[in-house]
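Here is the structure we will look at.
Every number here is computed from the coordinates shown, using simple stated rules; none is lab data. In this text the structure is predicted, and so the values were computed from the model without any measurement. Cβ placement follows ideal geometry from the backbone for every residue including glycine, while neighbour counts extend to all protein chains displayed.
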Amino acid sequence: MNKIKLTDNLSLSQIIRGFWRLDSWNMSTEELINNMRACIDMGVTSFDTAEIYAGTLCESLMGEAFAKDTTLRGKVELISKTGIFKEEINGRSFGYYNTTYDRIKQSCKESLQRLHTDHLDLYLIHREDPLLDPWEAGRALLDLKKEGLVKEIGVSNFDPFKFDGLNKAVDGALVTNQIEWNPVCFEHFNSGMMDYLTANKIHPMIWSPLAGGRLFKEDDPLCKKAMDKITEIAKRHNCEPDTIVYAWIIYHPVQAMPIVGSQKIERIESAVKALDIKLEHYEWYEIYAASGQQQIR
Ligand SMILES: NC(=O)c1ccc[n+]([C@@H]2O[C@H](COP(=O)([O-])OP(=O)(O)OC[C@H]3O[C@@H](n4cnc5c(N)ncnc54)[C@H](OP(=O)(O)O)[C@@H]3O)[C@@H](O)[C@H]2O)c1
């Protein structure tokens, strides 16, 4: 397994395992432990979660696995996120952001408790918050680092302006931006984020690399166009179409780390196989242009 070095203190497996959908997997703690062990055996040692996933349930389920098999935690790099909250307010569920100093500190401590661990390897601000005060949020993140509760800090879904603002406040300590990228989503190419990250040698984590499974749905015209091309390329390389998508993401010089969201071990194996696929240079552009959203002029 390739390791991507983020700092002297932290490297992640290039293929990361995401646990956002864990609450729908209907796994017992024992099954989850076996599932986690199978990932670790493949070298997929970096695990991604967030406090908001299933209203903190995903962190708790992972924590039960770490508590039951105490050898697991030391074998993985654990990533969580804060900043999004959903509450019952005046009888209605309402989602909002909170990236204040006290909230970030409290959230991290609560995540550690749920996950049955004494530190996170990487802690991210989950989404851009229109009320983000980079100096206040930055101070909270740096204090968590100083206290040894998190090894490294980063963000998710930030545009280049917000990334730059917070990164100034933490003296350049942000080690990643976790962003969406797949053959039908190019937001961060169009915002300049990919150029920013590549130029600054900051390696992004990529969420929904398969568009959350939509890529395989025939009724979505953009996905269908992209998948027709991806399937054609997969035949040339004698592999599964999803392997080609991961190979396409890994090909980029930014050295991205796709986060696999599937519950199925064989689908994680398909992602790992991408590390051995050598795409032709032109094939990268074939996929880039396949959905029709990006023009090659
Ligand atoms: N930072 C953020 O804002 C953010 C947002 C979303 C997600 N994330 C992170 O990114 C991770 C990955 O996101 P994701 O779950 O959306 O990733 P994904 O890998 O794009 O999608 C996973 C979904 O696709 C399905 N799928 C995979 N292969 C398939 C196939 N060949 N045919 C049909 N369906 C298939 C999976 O079903 P099966 O389980 O049945 O295989 C699963 O439901 C999450 O777990 C989370 O850690 C972060």
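Put in line by how crowded their Cβ is, counting other Cβ atoms within 10 Å and starting with the fewest, 78, 132 read 132, 78.
Fewest first, what order do 163, 189 take by the number of other Cβ atoms within 10 Å? Write down the numbers at each step before the final one.
Numbers: 163 21, 189 15.
In order of increasing Cβ crowding within 10 Å: 189, 163.
Computed over region 5-84, the quotient of the alpha carbon radius of gyration and 2.2 N^0.38 Å is 1.06.
Of all aspartates and glutamates in the structure, those lying under 17 Å Cα to Cα from residue 235, and not within fewer than 8 positions of it along the same chain, are 276, 280, 283, 286.
Coordinate range of the alpha-carbon atoms in the chain per principal axis, descending: 52, 47, 44 Å. A quarter of the convex hull surface defined by the alpha-carbon atoms of region 1-138 gives 9.4 nm² as the mean projection. With one equal scatterer per alpha carbon and no solvent term, the Debye-computed log10 I(q)/I(0) for region 102-141 at 0.15 1/Å reads -0.38. Cβ-Cβ distance of residue 276 and residue 88, R₀ of 45 Å, FRET efficiency by 1/(1 + (r/R0)^6): the value works out to about 0.40.
For region 222-297, what D do you get in µm² per second when you plug the Kirkwood radius from alpha-carbon pairs into Stokes-Einstein at 4 °C and 1.567 mPa s? Each step should come with its number before you reach the end.
Details: Rh = 12.8 Å.
Rounded to a whole number, D works out at 102 µm²/s.
Extension gain, residue 171 to residue 219, is 12.6 nm, computed as 0.36 nm per intervening residue step minus the present C-alpha separation. For trypsin sites (Lys or Arg not before Pro), the sites in region 6-56 that DSSP calls loop and that have at most 15 other Cβ atoms within 10 Å are 21. So what does log10 I(q)/I(0) come out to for region 85-156 at q = 0.26 Å⁻¹, using the Debye formula with one equal point on every Cα and no solvent? Each listed q corresponds, in turn, to -1.22.
Computed from the C-beta positions of residue 70 and residue 295, the FRET efficiency with R₀ = 51 Å rounds to 0.45.
Per residue of the chain, the DSSP helices (runs of n ≥ 4 H) give a summed -39500 (n - 2.57) that works out to -12500 deg cm²/dmol at 222 nm. Pairs from the table (75/264; 225/264; 201/278; 81/225; 5/105; 146/273) lying more than 32 angstrom apart at Cα are 81/225; 146/273. For region 58-104 versus region 105-169, the spacing of their alpha-carbon centroids is 13 Å. Neighbour counts of C-beta atoms inside 10 Å place 288, 246 in the sequence 288, 246, starting with the fewest. Taking only the Cα atoms of region 161-248, the ratio Rg/Rh comes out at 1.08, with Rh defined as the Kirkwood radius.
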